[in-house]
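> Handing you a structure now.
The values are calculated or read from the model by the stated rules, or taken from the named source; none is laboratory data. Fair warning: this is a prediction, and the values are worked out from it, not measured in the lab. Please note: Cβ atoms are built from the backbone with ideal geometry, for glycine as well, and neighbour counts cover all protein chains shown. The area values use the complete protein model at the heavy-atom level, side chains included, leaving out ligands, DNA and RNA. Shrake-Rupley method; radii C 1.70, N 1.55, O 1.52, S 1.80 Å.
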Amino acid sequence: MSLQSAAWERLIYLIDFVENFIAKEMQRKHNIGLSEFRALKFLEVAKDSELRMQELAGLLGLNQSSVTRLVGRLENNGYTVRDLCPDDKRGIYTVLTNRGRKRLSEARSDYDSALQSALDQAKDKFNAADVLALTNALSANDKVEAG
């Protein structure tokens with residue numbers, strides 16, 4: 001295995017560790033999955049707080065079937081509603097509701113806290129270079145969002 005390949009595998013393992021930690025915390029504290037939380041975040045910043053199902057699938061890295069199930073869960077909890085595209089009756093939008101905004105607002109600080117806790121715990125499981133790579137990636141992301 002090449003050095004580059006080994007580093008990539010290590011980074012994937014680190015990301016999986018962080019993702020699983022955050023997912024468990026979001027489920028435990030807010031009864032919401034990580035993909036559902038991210039969907040609410042994408043909807044919050046979308047124009048008119050709505051996205052076509054295909055767009056949401058692409059943003060989340062899910063296939064059509066998976067995003068349909070995810071949106072079904074969001075709808076069952078009252079976090080989103082479906083709406084037909086006025087220009088294309090075959091197009092379906094999912095739209096963030098006030099209840100969805102509230103859930104997102106309640107969960108956001110716990111997400112950030114879980115991320116920080118996961119990174120802190122990762123320091124014990126991974127070497128400094130692994131944690132630094134992920135931390136640098138997150139710092140770069142913060143600069144993009146702030147800009």
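> Regarding segment 47-119, what is the average projected area of its C-alpha convex hull, in nm²? If you can, show how the numbers build up before the last one.
Working: hull surface 23.2 nm².
Average of the hull's projected areas for segment 47-119 equals 5.8 nm².
> Give the accessible area for Glu106 in Å² (nearest 10); use a 1.4 Å probe, count only protein heavy atoms, and leave out ligands, DNA and RNA.
Result for Glu106: roughly 70 Å² accessible.
> Output wanted: per-residue J couplings in Hz (rounded whole) for segment 28-35, from phi through Karplus 6.51 cos²θ - 1.76 cosθ + 1.60, θ = phi - 60°, x for Gly and Pro.
After applying 6.51 cos²θ - 1.76 cosθ + 1.60, I find 5, 8, 10, 6, 9, x, 5, 5 Hz.
> Pop out the carbon and sulfur fraction of the accessible area of segment 1-88 as a percent, whole number, probe 1.4 Å. Let's see the in-between values first.
On the way: 2750 of 5290 Å².
About 52 percent, which is the carbon plus sulfur part of the accessible surface.
> Also, I was wondering about something else. Expressed as a whole number of Å, what is the distance separating the alpha-carbon centroids of segment 88-110 and segment 50-71?
Rounded to whole Å, the Cα centres lie 13 Å apart.
> Separate question: So how strong a dipole does segment 1-111 carry about its Cα centre when Lys and Arg Cβ are +1 and Asp and Glu Cβ are -1, to the nearest 20 debye? Before the final figure, lay out each step's value.
Numbers: 18 positive and 15 negative charges, 62 e Å.
The calculation lands at about 300 debye.
> Let me ask something additional. Which sequence of Asp48, Asp87, Asp16 reflects their accessible areas, 1.4 Å probe, from the largest down?
Details: Asp48 105, Asp87 145, Asp16 75 Å².
Sorted by accessible area, descending: Asp87, Asp48, Asp16.
> Determine ³J(HN,Hα), in whole Hz, for all residues of segment 99-104 in sequence, where each value follows from phi through the Karplus function 6.51 cos²θ - 1.76 cosθ + 1.60 and θ = phi - 60°; x replaces Gly and Pro.
Along segment 99-104, the couplings run 5, x, 4, 5, 4, 4 Hz.
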